Amino acid sequence: GLMDAKVTAVVRDFIFGSAKDEISPLAIFELKGNRENSAYFEEAFMRVSGDIPSVIAHIESVYDKFALDYPFQYKFVDDDFAAKYETENRLSQSFSVLSLLALFIAGLGIMGLSIFVAETRIKEIGIRKVLGAAVNQIVWLLNGGSTALILGTAVITLPVVYFLMQKWLQEFALKIELGWAYFMVPLLLLLISVWSIQFYQSFKSARANPVDALRME
């Protein structure tokens with residue numbers, strides 16, 4: 001019987017169900033026999049290569065010689081696993097599209113805001129330059145407020161994001177551990193993006209001739 005089978009190999013744990021489930025014990029047997037002694041299998045896994053349609057047609061022809069009562073059915077393992085995470089894949093695609101759209105809209109808003117701030121503070125910039133302010137000081141003056149706002153928002157939102165992600169990960173038996181890099185790296189990239197958008201206008205305003213800003217209209 002199966003309990004008398006000889007152990008020929010031990011393999012590492014692998015996911016044969018879903019990442020949402022604990023990996024349970026699994027024994028793989030080489031079954032020999034026929035229907036009379038109930039030692040037959042219902043599914044077979046095969047690694048194929050080359051001309052896939054031709055290979056499948058050959059497998060079907062061989063199958064039909066031995067299983068006249070059951071139709072030949074097959075599916076690819078990668079498609080089968082992908083179906084297990086269809087919901088997660090749809091969420092990932094939706095969030096990716098929405099994130100890119102939000103970043104594009106935010107970029108346009110930041111560009112318009114930087115131009116507006118520079119125009120409304122043009123005389124202040126001119127006075128500061130006359131009094132000896134350096135270009136880097138003026139650049140920080142124009143961009144420091146948005147930087148502080150982003151950091152303040154991050155302090156409020158990141159704990160909420162961490163909580164929601166932890167709650168979502170609880171659905172999985174096999175999951176990653178959330179580290180600081182998952183939050184700090186996107187925050188750093190966001191700051192770099194905002195500064196990249198604002199830098200040109202603020203640098204242009206900081207290098208402008210203060211005489212043009214302070215002259216009598």
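Brief remarks follow.
- Take region 39-189 with all the other protein chains still there, run a 1.4 Å probe, and you get 77 Å² of accessible area per residue.
- P(r), alpha carbons of region 45-106 - 5 Å bins starting at zero, rounded %: 3, 13, 15, 13, 11, 10, 9, 8, 7, 5, 3, 2, 1
- Take 188-197, 150-159, 5-14 and order them by the average number of nearby Cβ atoms within 10 Å per residue, most first; the result is 188-197, 150-159, 5-14.
- Under 5 Å, built H, 5+ apart or other chain: amide partners of K20: A173
The values are calculated or read from the model by the stated rules, or taken from the named source; none is laboratory data. Note that the structure is predicted; figures quoted are calculated from it, not measured. Ideal geometry is used to build each Cβ from the backbone, glycine not excepted, and the neighbour counts take in all protein chains shown. Accessible surface is based on the protein model in full, side chains and every heavy atom, while ligands, DNA and RNA are left aside. Shrake-Rupley method; radii C 1.70, N 1.55, O 1.52, S 1.80 Å.
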